[in-house]
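Data block below; observations after.
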Amino acid sequence: MCRNIRTLYNFTPPATDAEVRAASLQYVRKISGFHKPSASNQEAFDRAVDEVARVSRELLGTLTTTAAPRDRDVEAAKARARAAQRFGTRSGPA
C-alpha cells in the first residue's frame, strides 16, 4: 500500500509536486485505512492529502545537508539490482 512513500529529499532533480502528492496520498490511505473513501469522507480525505502534501513540500524546502545530491537514475539502478538479487531475474521481455 505504501509503494509511493519514498525518500524524496536530496535528489537531483528535486522531487516533483506529483511525487510529493503521491507519497501524501499513500500516507493518508495508510493511516485512514481507506483506499477509496466513501462520498461522506471524500472531502476530509482530500483535505488531508492536500495538507500532508503542503507540509511535506515545506519540510523538503527547509531541510539542509552537506551531502551531495543523489542521482535518481543511479538509485533506481541500485534498487533494480537489489530486487533482482532478492527475487531473481525474469527471463524474456517484461
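Could you list, in sequence order, all residues of segment 4-28 that are part of a helix (DSSP H, G or I) and without any contact (Cβ under 8 Å) to a residue 40 or more places away in the chain?
Ala18, Glu19, Arg21, Ala22, Ala23, Ser24, Leu25, Gln26, Tyr27, Val28
Before we move on, is Glu19 acidic (Asp, Glu) and under 13 Å from the mean Cα position of the chain (by Cα)?
yes
All but one of (1) surrounded by 14 or more Cβ atoms within 10 Å (Cβ to Cβ); (2) at pLDDT below 90; (3) over 13 Å from the mean Cα position of the chain (by Cα) hold for Thr12, so report the exception by its number.
(1)
List pairs: first in segment 29-56 and of a type in the set (Gly, Ala, Ser), second in a helix (DSSP H, G or I), Cβ under 7 Å, 6+ apart or cross-chain?
Between residues of segment 29-56 that are of a type in the set (Gly, Ala, Ser) and residues that are in a helix (DSSP H, G or I), the close pairs are Ser32/Phe45; Ala48/Val28; Ala53/Val20; Ala53/Arg21; Ala53/Ser24; Ser56/Val20; Ser56/Ala23; Ser56/Ser24.
Provide a single number: the residues in segment 52-86 that are closer than 18 Å to Gln26 by Cα and of a type in the set (S, T, N, Q).
1
Contact list please: Cβ distance under 9 Å, first residue in segment 69-94 and more than 18 Å from Pro14 (Cα to Cα) and at pLDDT 85 or above, second residue among the charged types (D, E, K, R) and loosely packed, with under 10 Cβ neighbours inside 10 Å, pairs at least six apart or on different chains.
Ala84/Arg90
Is it the case, given these coordinates, that Asp73 is surrounded by 13 or more Cβ atoms within 10 Å (Cβ to Cβ), acidic (Asp, Glu) and out of contact with any Gly (no Cβ under 8 Å at 6 or more places or on another chain)?
Considered against the rule, which asks whether it is surrounded by 13 or more Cβ atoms within 10 Å (Cβ to Cβ), acidic (Asp, Glu) and out of contact with any Gly (no Cβ under 8 Å at 6 or more places or on another chain), Asp73 comes out as no.
The values are calculated or read from the model by the stated rules, or taken from the named source; none is laboratory data. What you see is a predicted model; the values in this text were computed from it and never measured. As a convention, Cβ positions derive from the backbone with ideal geometry for all residues, glycine included, and neighbour counts pool all protein chains shown.
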